[in-house]
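Shown next, in structure tokens, is the structure this report addresses.
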Amino acid sequence: MAGLAVSASPAPAPASFRPAAAASRFGPVAGPAANFRTRVCGLRCLIAAKLKFRKTLKRHGWQLRKNLEVRANDKVPDWLEATPLTENIMSRDVQLAYDSGGETSNTCPDTLDSSVIEQSSMHHKLNPSETHPPVLKEDPVLFDDPPESAAPLCIAVIGATGELAKNKVFPALFALYYSGFLPQNVGIFGYSRKTLTDEDLRSMIEANLTCRVDHHENCDEKLNEFLKRTYYIDAGYDNKDGMVKLNSRMSQIEGNCAANRIFYLAVPQEALLDVALSLADSAQTMQGWNRIIIEKPFGFTGLSSHRVTQSLLSRFEEEQIYRIDHLLGKDLIENLTVLRFSNLVFEPLWSRTYIRNVQVIFSEETAAEIQGRYFGNYGIIRDIVHSHILQTIALFAMEPPVSLDGEDIRDEKVKVLRSIRQVNLEDVVLGQLKDTSVKVDRYTKSLTPTYFAAAMYIDNSRWDGVPFLIKTGIGLMENRAEIRIQFRHVPGNIYRERFGHDIDLDTNELILRDQPEEAILLKVNNKVPGLGLQLDASELNLLYRDRYNVELPDSYEHLLLDVLDGDSHLFMRSDEVAAAWNVLTPLIHEIDQNRIAPELYEAGGRGPVNAYYLAAKHGIAPPGAAEAEKCILHGKEFDTASNRD
């Protein structure tokens, strides 16, 4: 009978195997008993190996069971492969062990539990005399626990000394580490061209690491543990050599166990391909999965973006590439699909039949990044509109996906992007923040916009004729990020005469807001208390600060955790990047060809005046319009602070 290939011709012993030690542990056995004893030992070792994976999974909640497929830890040498005779015993006993949460020692134990042996013998009608300790040559590499310092996950931050890495990436990694989403012995690597030591990197990032309000228990202890797991790689001036160094250091930290790797490329666009291709050739692990994170903007034009994409896909698979936009990590974005697909009250209304228009508003108060991000020729269209704004529209307008799987969601998003009508220049407003410094010539030489407004239309059966008004800019009155859905008015409304002002301004409105404070608001019409019948518009509000007593995680934490879990629905796939460029490239080309001068606006204001004319042209009431009209009718002062655009 073909059994475990140990009895007739034993497998060659591992290099570290010592025959003398083996002889002292196992006595000589011959005859029929040897065959069964080797079977039992093979079964026992297989159970031990399976339980070890259970122990690892239990110890590291961050690793999903599905990822065991790519870690290759559950492979057993050919000489331990069980025969059909032992498969039923193995599956039953392993399941019992799993259910009891049992753990095993570092090596295959000398004796099995007597009840297990007895049950197995009775089940197969074997002689009890054949259940003595067997002869087996051990494989210490298979059954020994990895050293405590071995890292099952390594994360490398390329461009570790940059502002993005110091202020966002490392703090987000520490927050995930504190919360238990990273294994305790994770390896964190900083990679840059500066000459630093491990201690230098630790001191540099420690200045930016803090615990959130709900993360104060054992904060200092967790911080010290995290810093001890942080290492620095001096890349020098050749990324090929630098990546070899990084791979060597990672392998040293990982030990002999299989491990996965994440590479965060916090580098300028001009350095992206050199870093990524060098990484692909010299720093990927062969014993697990590799994932790379790429920062926006994703190209300067559609053509340059296509070239970058083709270069990346020549070395990486699509599922390895995560194009990150931190603005998509906000709860506002996640709530888009949750609110729509998990509430019956909203899902039937999500179409042109009931929705009059949609506004996507994103404004920043600060103008600190103007020189580097906008006047470096990229501008707000390439930086914000291409990724954040169009992705928000795609998530809002997509058809119900087959499942919550990232690929299913991205399949639906790309359909929306391909359905967006070409934007006419007449439906666009460009603005540029006035220069308050002495460097006035900087503005006269640049036409790069810092404000963008446009009316877009989606040519499909669900959204035909519904304007999507997008407004985004910097240096405005306040930080604001929200989506406003205005519904159509009630046909033949019998209460028209009871409003006292334009009924069109009092249509129902759903507002999903991330800034200035997280909230979900629903504007409805109701009767004013008292005698008579006077109607008014009021807001049903869900304020996060009142309902949830938690500090919201930073968007980088959210997105890094998604990368760790392999959830790609908030990251742009290559065809999404191309579809977004197809929407914007003709418009950008027309703006450049005609040298359209942006309208100047004051810092701390509402932005270009023409943006309001654009909204009116497409029948969109600006936020606070109804409130403003009511104040005028009643001779009251309108509170601009609570109704800012």
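Worth pointing out:
- All helices (runs of 4 or more DSSP H) inside region 542-599 with 2 or more residues being in the same structural domain as Thr392 (by the TED database) and crowded, with 21+ Cβ neighbours inside 10 Å: 555-565, 574-594
Per-residue answers, yes or no, for (1) surrounded by fewer than 16 Cβ atoms within 10 Å (Cβ to Cβ); (2) among the charged types (D, E, K, R); (3) outside the structural domain of Glu364 (by the TED database):
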{"residue": "Thr450", "(1), (2), (3)": "no, no, no"}
{"residue": "Asp459", "(1), (2), (3)": "yes, yes, no"}
{"residue": "Lys471", "(1), (2), (3)": "no, yes, no"}
{"residue": "Pro491", "(1), (2), (3)": "yes, no, no"}
{"residue": "Ile494", "(1), (2), (3)": "yes, no, no"}
{"residue": "Thr507", "(1), (2), (3)": "no, no, no"}
{"residue": "Ile511", "(1), (2), (3)": "no, no, no"}
{"residue": "Asp514", "(1), (2), (3)": "no, yes, no"}
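- Condition check for Thr285: of a type in the set (Val, Ile, Thr) and open to solvent by 40 Å² or more (accessible area, probe 1.4 Å): no
- From the list Leu476, Leu433, the one residue that fits, being in the same structural domain as Val583 (by the TED database) and at pLDDT 90 or above, is Leu476.
- Filtered residues of region 330-348 (kept if aromatic (Phe, Trp, Tyr) and either surrounded by 16 or more Cβ atoms within 10 Å (Cβ to Cβ) or in contact with a Leu (Cβ under 7 Å, 6 or more places away or on another chain) (or both)): Phe346
- Residue check for Tyr191: part of a helix (DSSP H, G or I) and either among the aromatic types (Phe, Trp, Tyr) or at pLDDT 95 or above (or both): no
- Pairs where the first residue, in region 390-403, is under 24 Å from Ile361 (Cβ atoms) and the second is open to solvent by 10 Å² or more (accessible area, probe 1.4 Å) and in a loop (DSSP other than H, G, I, E, B), C-beta under 9 Å, 6+ apart: Leu395/His569; Ala397/Asn460; Ala397/Arg462
- Every test in (1) open to solvent by 70 Å² or more (accessible area, probe 1.4 Å); (2) acidic (Asp, Glu); (3) under 29 Å from Leu447 (Cβ atoms); (4) out of contact with any strand residue (DSSP E or B) (no Cβ under 7 Å at 6 or more places or on another chain) is passed by Glu317 save one, and that test is (3).
- Of residues in region 268-279 being surrounded by fewer than 22 Cβ atoms within 10 Å (Cβ to Cβ) and under 21 Å from the mean Cα position of the chain (by Cα), the one nearest to Ser311 (Cα to Cα): Leu272
- Going through (1) out of contact with any Asp or Glu (no Cβ under 6 Å at 6 or more places or on another chain); (2) within 30 Å of Gly473 (Cα to Cα); (3) touching a residue at least 40 places away in the same chain (Cβ under 8 Å) one by one, Leu332 falls short only on (1).
- Test: residue in region 458-471 that is at pLDDT below 95 and part of a strand (DSSP E or B): no
- Qualifying position, being more than 15 Å from Ile158 (Cα to Cα) and touching a residue at least 12 places away in the same chain (Cβ under 8 Å), among Ser305, Ser282: Ser305
The values are calculated or read from the model by the stated rules, or taken from the named source; none is laboratory data. Computed from a prediction, not measured in an experiment: that's the story for all the values here. All Cβ positions, even for glycine, are placed from backbone atoms using ideal geometry, and neighbour counts span all protein chains on display. Calculation scope for accessible area: heavy atoms of the full protein, side chains included, ligands and nucleic acids excluded. Shrake-Rupley method; radii C 1.70, N 1.55, O 1.52, S 1.80 Å.
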